[in-house]
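The values are calculated or read from the model by the stated rules, or taken from the named source; none is laboratory data. What you are looking at is a predicted structure, and each value in this text was computed from that prediction instead of being measured. Counting neighbours? That spans all protein chains shown, and the Cβs are built from the backbone with ideal geometry, glycine included.
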Amino acid sequence: MILVMNSKASQKELDYVIAKVTERGLRAHVSEGKECTIVGLIGEKDIIAEFNGEALPGVEKALAVTESYKLASRKFKEADTVVNVGGVFVGGNNIAVMAGPCAVESREQLLESAWAVKSGGAQFLRGGAFKPRTSPYAFQGLEEVGLRMLAEVGKITGLKIVTEVVDVGSLPVVCEYADMLQVGARNMQNFQLLKAIGKLGKPVLLKRGLSATLDEWLNAAEYILNEGNCNVIMCERGIRTFENYTRNTLDLSAVAALKLLTHLPVVVDPSHGTGRWKLVAPMARAAVAAGADGLMIEVHPCPANALSDGPQSLTPDNFTSLMLEVAAVAGAIGRKLQ
Ligand code: PEP
Ligand code: MN
């Protein structure tokens, strides 16, 4: 339930409403909008259903929120959330770009990738140090050694670091080196991990699960928000369908749908979304046209030698062309790259 306060409601009335909500064992989430203030009620469903909010002074109306996620809902917070990642903003008018190799393989590979994506115009360097691979025989990542390389290369180039955290155990070490945590598709419903991340202030890029509905994905975000971490960015990376020409089916309708359903920024990863490098630029352009707030692109100095995801990785030259094309699309819809 959300309580919409009267535009003339006083602070005293708002405080009274919050006190009444708290008295019933519920939590009040206050959001001050341009037009009015709304109070979101969080807690036991039955208690919320019985709560007579409209009877309270200063309350204009009470609206039922039927979705199981609340804090992530656009109904709770009308204004777009802008996530500040160490001075780089994701959300708002500018489009953020995160790029780099699938996995950190060596210092040289990482540094070369970093300079390439930086000169192309990216603000973030991506790269996995802990790799959740389908096969246990595939390259599993350099772990802490890789994290240290990411942090060092981030310092040298000025790029922000986004890297995946795969479990609660490695969360502290990943936090030490990363500017933003990535929760991968395979961990979207690792609720213990989501809760642990929620207790931190670190920004988090929450990838859509392999077969997750929008509702399941938004509830995963809700787990993080509910613990007090509001710095959540949604990342569409394709879902599993019957189509097997592409690695996944990139669901660009999810971008437009999320813009209606949530205030959280939305990033698109056309690399994992398609699995084919030739499809990455067209889908990146389409993602921006659809309203994405950012892109995540895999770039490798030599994709043919990549230890993971070479077939979907762009060369530095192809990344530079993609950025020029994306800038043109952004301009056409009144936005720009950062
Ligand atoms: C990745 O970004 O390298 C990755 C493993 O992505 P996803 O979790 O979307 O498969
Ligand atoms: Mn990858």
Quiz prompt | Contacts under 6 angstrom Cβ, first residue in segment 1-12 being assigned to a loop (DSSP other than H, G, I, E, B), partner modelled with pLDDT of 90 or more, 6 or more apart | solution = Met1/Leu41; Met1/Ile48; Met1/Ala62; Asn6/Gly58; Asn6/Glu60; Ala9/Gly58
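Using the structure shown, decide if Gly58 is at pLDDT 95 or above and more than 23 Å from the chain's Cα centre (by Cα). Give the derivation first.
Working: at pLDDT 95 or above: yes; more than 23 Å from the chain's Cα centre (by Cα): yes.
When the stated conditions are applied, Gly58 passes them.
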Quiz item: On the given criteria, is Gly100 buried (at least 16 other Cβ atoms within 10 Å of the Cβ), within 16 Å of ligand 2 (Cβ to nearest atom), modelled with pLDDT of 95 or more and at positive phi?
Solution: yes
Quiz prompt | Members of segment 198-238 that are farther than 22 Å from Lys75 by Cβ, touching a Cys at 6+ places or on another chain (Cβ under 9 Å) and among the hydrophobic types (A, V, I, L, M, F, W, C) | solution = Leu200, Leu205
Quiz item: Tally time: how many residues in segment 106-126 are touching a helix residue (DSSP H, G or I) at 6+ places or on another chain (Cβ under 7 Å) and either part of a helix (DSSP H, G or I) or closer than 19 Å to Glu144 by Cβ (or both)?
Solution: 10
Exercise. Report yes if some residue within segment 293-301 is within 14 Å of ligand 1 (Cβ to nearest atom), touching a residue at least 40 places away in the same chain (Cβ under 8 Å), over 22 Å from Lys336 (Cα atoms) and not in a helix (DSSP H, G or I); otherwise report no.
Key: yes
Quiz item: Can you pull out the helices (runs of 4 or more DSSP H) entirely within segment 194-274 that have at least 2 residues that are away from ligand 1 (no atom under 16 Å from the Cβ) and among the charged types (D, E, K, R)?
Solution: 214-226
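Can you go through Leu159, Leu125 and tell me which one is over 22 Å from Pro311 (Cβ atoms) and crowded, with 21+ Cβ neighbours inside 10 Å? Lay out the reasoning, then the answer.
Details: Leu125 fails: over 22 Å from Pro311 (Cβ atoms).
Matching residue, one of Leu159, Leu125: Leu159.
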Self-check item: Pairs where the first residue, in segment 134-162, is more than 16 Å from Glu105 (Cα to Cα) and the second is surrounded by fewer than 16 Cβ atoms within 10 Å (Cβ to Cβ) and small (Gly, Ala, Ser), C-beta under 7 Å, 6+ apart
Solution: Lys160/Gly86
Self-check item: Residues within segment 176-205 that are more than 16 Å from ligand 2 (Cβ to nearest atom) and either free of Cβ contacts under 8 Å to residues at least 12 places away in the same chain or farther than 24 Å from Glu112 by Cα (or both), tallied
Solution: 16
Practice problem: Would you point out the residue of segment 147-179, among those that are part of a helix (DSSP H, G or I) and among the small types (Gly, Ala, Ser), that is nearest to Lys195 (Cα to Cα)? | Solution: Ala151
Quiz item: Of Ala138, Ala185, which residue is out of contact with any His (no Cβ under 8 Å at 6 or more places or on another chain) and in the same structural domain as Gly238 (by TED's automatic domain parsing)?
Solution: Ala138
Quiz item: Only one residue in Gly331, Gly291 is at pLDDT 95 or above, under 19 Å from Glu236 (Cα atoms) and not hydroxyl-bearing (Ser, Thr, Tyr), so which one is that?
Solution: Gly291
Quiz prompt | Selection status of Asp309, within 16 Å of ligand 1 (Cβ to nearest atom), at positive phi and touching a strand residue (DSSP E or B) at 6+ places or on another chain (Cβ under 9 Å) | solution = yes
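I'm checking my understanding of the structure. Among residues of segment 207-238 that are within 16 Å of ligand 2 (Cβ to nearest atom) and hydrophobic (A, V, I, L, M, F, W, C), which one is surrounded by the fewest Cβ atoms within 10 Å (Cβ to Cβ)? It would help to see each step written out before you state the result.
Let us first name the residues in segment 207-238 that are within 16 Å of ligand 2 (Cβ to nearest atom), namely 207-210, 235-238.
Now restrict to residues that are hydrophobic (A, V, I, L, M, F, W, C): 210, 235.
Details: Leu210: 14, Cys235: 28.
Among those residues, the one meeting the criterion is Leu210.
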